[in-house]
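Visitor: This is the structure I have questions about; it appears just below.
The values are calculated or read from the model by the stated rules, or taken from the named source; none is laboratory data. Here the structure is a predicted model, which means the values were calculated and not measured. Glycine also receives a Cβ, built like all others from the backbone with ideal geometry; neighbour counts cover every protein chain displayed. SASA here: full protein model, heavy atoms, side chains in, ligands and nucleic acids out. Shrake-Rupley method; radii C 1.70, N 1.55, O 1.52, S 1.80 Å.
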Amino acid sequence: MTKIKPRVSPLVESLPPSGIRKFFDIVANTKGVISLGVGEPDFVTPWHIREACFYSLEQGFTMYTSNWGLLELRKEISRFMEREYALEYNPENEIIVTVGASEAIDVAMRSVLSPGDEVILPEPCYVSYKPCILLSGAKPVVVETFEEDDFRLQPSAIREKITPETRVLVLCFPNNPTGAIMSKEDLEEIARICVSYDLLVISDEIYSELTYSGEHVSIASLPGMKNRTILVNGFSKAWAMTGWRIGFCCGPKDIINAMVKIHQYTILCAPIMSQMAALEALKSLNGEVGKMVNEYNRRRRFVVSRLREIGLDCFEPQGAFYVFPSIKATGMTSEDFSQRLLDEEKVAVVPGNAFGEAGEGHIRISYASSMKNLSKALEKMESFLSRRINR
Ligand SMILES: Cc1ncc(COP(=O)(O)O)c(C=O)c1O
């Protein structure tokens, strides 16, 4: 008898569904829910950016661009990186424009990883890294970050996991879901490890502009690191441009060149209208981003203080737009907590275990939502908790 081969690749079949999606499919079918789940700005893209897109369409810019992205945009990205992070990238061959940071992460992994390679992955972390590593045939090796360390990545934890197969370290700071950031001193020791073990770093800095205390430092700016760091960034978060699907990646030219190879066969180029909008976003710094950052900061303070008031231990996040309180005092698992909160109070949050096992005992709350929604949701959480914890 001939053996029937599976129609779907066993590797793809084995990937778990995103814990965020799973939850949001439930939310989509429930009426009147206050959702603090999505990692998406509640602001609309600033008007001048939308207008630049309309104007480009009026002028007939509807064609493919270079696989690398518009040179004018790459030049502007290069200026931005130099101005903000003192990092010099040649727009001709060290920058690629991608379809969101998401494409950059996937293509970066596929450009450098081979089957059998190991990737050190700090968790809790954004949901796409692990599947992208697995789809590259490589092996994710998790290191946990802990609330006691303000969710900063500890150099000793990296050292413990290094083997002869280790090729890449993934960094995501400011972090989704914890809101943790890393100081220059924190990163210096990690950089020394990367240099001495010859590791590459894929550094997802999509939340770099949303840093509320101190300045964002890129590991690429530290000694010996520029030539071993693939720096991912994009417009979705700080410029409120999630739907435009536009991001970029800066790095050593051999790697960016390899990324362009994959990108040209699979994507061809990022949409020209989004590239035109991104160009405007970088060119005219008219304070819109600053206004959004100030508003996120106001909400961050409010949510942290309310969570503490209602009895949840809460690490004070310093970046991105998430709070990651502990729910251990309730004795519930993060999935149970989130499901019951949704059923009883119609408030949606994301269970911490969606970001890896290390996220168990926590929930992720996004404060990219109006103050009205936040304060109503926190009132509802208060009554939910009052039935469960004695204060
Ligand atoms: C850490 C992180 N990286 C990347 C992305 C994806 O960004 P983009 O919309 O640019 O694909 C997200 C979105 O939530 C994220 O949180």
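Visitor: Just to be sure before I move on: is K130 open to solvent by 40 Å² or more (accessible area, probe 1.4 Å), within 16 Å of the ligand (Cβ to nearest atom) and touching a residue at least 40 places away in the same chain (Cβ under 8 Å) in the structure I sent?
Guide: yes
Visitor: Which residues, taken from segment 303-319, are more than 15 Å from V349 (Cβ to Cβ) and within 23 Å of the chain's Cα centre (by Cα)?
Guide: If we filter segment 303-319 for residues that are more than 15 Å from V349 (Cβ to Cβ), which is where we start, we get 305, 308-309, 311, 313, 315-316, 318-319.
If the condition is that a residue be more than 15 Å from V349 (Cβ to Cβ) and within 23 Å of the chain's Cα centre (by Cα), then F315, E316, Q318, G319 are the ones that fit.
Visitor: Next up: Mind counting the residues in segment 320-336 that are under 24 Å from the mean Cα position of the chain (by Cα) and either open to solvent by less than 10 Å² (accessible area, probe 1.4 Å) or aliphatic (A, V, I, L, M) (or both)?
Guide: Summing the residues that are under 24 Å from the mean Cα position of the chain (by Cα) and either open to solvent by less than 10 Å² (accessible area, probe 1.4 Å) or aliphatic (A, V, I, L, M) (or both) in segment 320-336 gives 8.
Visitor: Another question, if that's okay. Quickly run through segment 344-391 and pick out the residues that are within 18 Å of C125 (Cβ to Cβ) and among the charged types (D, E, K, R). Step through it out loud before you land on a result.
Guide: Restricting attention to segment 344-391, the residues satisfying the condition of being within 18 Å of C125 (Cβ to Cβ) are 349-366.
Listed by number, the residues that qualify are E357, E360, R364.
Visitor: Let me ask you something else. Within segment 143-163, track down each residue that is over 20 Å from C314 (Cβ atoms), in a loop (DSSP other than H, G, I, E, B) and open to solvent by 60 Å² or more (accessible area, probe 1.4 Å).
Guide: Q154
Visitor: Give the number of residues within segment 23-65 that are within 16 Å of the ligand (Cβ to nearest atom) and open to solvent by 90 Å² or more (accessible area, probe 1.4 Å).
Guide: So in segment 23-65, the residues within 16 Å of the ligand (Cβ to nearest atom) come out as 23-24, 35-45, 49.
Subset that is open to solvent by 90 Å² or more (accessible area, probe 1.4 Å): 44.
Result for segment 23-65: 1.
Visitor: Within segment 73-92, how many residues turn out to be over 15 Å from G247 (Cα atoms) and open to solvent by 40 Å² or more (accessible area, probe 1.4 Å)? Write out each step before concluding.
Guide: Here is the first cut: in segment 73-92, the ones over 15 Å from G247 (Cα atoms) are 79, 82-90, 92.
From what's left, open to solvent by 40 Å² or more (accessible area, probe 1.4 Å): 79, 82-84, 86, 88, 90, 92.
Going through segment 73-92 one residue at a time, the tally reaches 8.
Visitor: Could you tell me which residue of segment 270-290 is most open to solvent (accessible area, probe 1.4 Å), considering only residues that are under 26 Å from A220 (Cα atoms) and within 16 Å of the ligand (Cβ to nearest atom)? Walk me through how you get there before you give the answer.
Guide: Applying the first criterion (under 26 Å from A220 (Cα atoms)) to segment 270-290 yields 270, 275, 278-285, 289-290.
Among the residues that remain, those that are also within 16 Å of the ligand (Cβ to nearest atom) are: 270, 275, 278, 281-282, 289.
Details: A270: 1, Q275: 0, A278: 0, A281: 2, L282: 4, V289: 31 Å².
Only one residue tops the list, namely V289.
Visitor: Among the residues that make up segment 105-121, is at least one of them acidic (D, E) and within 16 Å of the ligand (Cβ to nearest atom)? Quick ask: steps written out before the conclusion?
Guide: From segment 105-121, those acidic (D, E) are 106, 117-118; that's our starting set.
Adding the requirement that they be within 16 Å of the ligand (Cβ to nearest atom) leaves 106.
Looking through segment 105-121, at least one residue is acidic (D, E) and within 16 Å of the ligand (Cβ to nearest atom).
Visitor: Hey, another quick one. Kindly provide the set of residues from segment 80-113 that are in contact with an Asp or Glu (Cβ under 8 Å, 6 or more places away or on another chain) and among the polar types (S, T, N, Q), ordered by number.
Guide: none
Visitor: May I ask you to verify whether G137 is surrounded by 19 or more Cβ atoms within 10 Å (Cβ to Cβ) and at positive phi?
Guide: Working: surrounded by 19 or more Cβ atoms within 10 Å (Cβ to Cβ): no; at positive phi: yes.
Judged against the criteria, G137 is not a match.
Visitor: Can you spot a residue in segment 192-201 that is at pLDDT 95 or above, among the charged types (D, E, K, R) and over 24 Å from A354 (Cα atoms)? Let's see the steps before the verdict.
Guide: As a first pass, look at segment 192-201 and keep what is at pLDDT 95 or above: 192-201.
With among the charged types (D, E, K, R) added as a condition, the list becomes 192, 198.
Still in the list and also over 24 Å from A354 (Cα atoms): 192, 198.
Checked against the condition, which is being at pLDDT 95 or above, among the charged types (D, E, K, R) and over 24 Å from A354 (Cα atoms), segment 192-201 yields at least one hit.
Visitor: Out of curiosity, is A220 within 19 Å of N90 (Cβ to Cβ) and more than 15 Å from the chain's Cα centre (by Cα)?
Guide: Numbers: within 19 Å of N90 (Cβ to Cβ): yes; more than 15 Å from the chain's Cα centre (by Cα): yes.
In short, yes.
Visitor: Any idea which residue in segment 219-269 is nearest to the ligand (Cβ to nearest atom), counting only those that are hydrophobic (A, V, I, L, M, F, W, C), open to solvent by 30 Å² or more (accessible area, probe 1.4 Å) and closer than 30 Å to S366 by Cβ? Explain how you work it out, then say what you get.
Guide: Initial filter on segment 219-269 (hydrophobic (A, V, I, L, M, F, W, C)): 219-220, 222, 225, 230-232, 235, 238-241, 244, 246, 248-250, 255-256, 258-260, 262, 267-269.
When the remaining residues are screened for being open to solvent by 30 Å² or more (accessible area, probe 1.4 Å), the result is 244, 258, 262, 267-268.
Right, trim to closer than 30 Å to S366 by Cβ and you get 244, 267.
On the way: W244: 9, I267: 13 Å.
Result: W244.
Visitor: When both residues are 6+ apart or on different chains and their Cβ atoms are under 6 Å apart, which pairs have a first residue that lies in segment 80-105 and is in contact (Cβ under 8 Å) with a residue 12 or more places away in the chain, and a second that is away from the ligand (no atom under 15 Å from the Cβ) and of a type in the set (V, I, T)?
Guide: Y89/I95; E94/I256; I96/I256; I96/V260
Visitor: Spot the failing condition for E295; the list is (1) at pLDDT 95 or above; (2) open to solvent by 60 Å² or more (accessible area, probe 1.4 Å), and only one is missed.
Guide: So E295 meets the others, but not (2).
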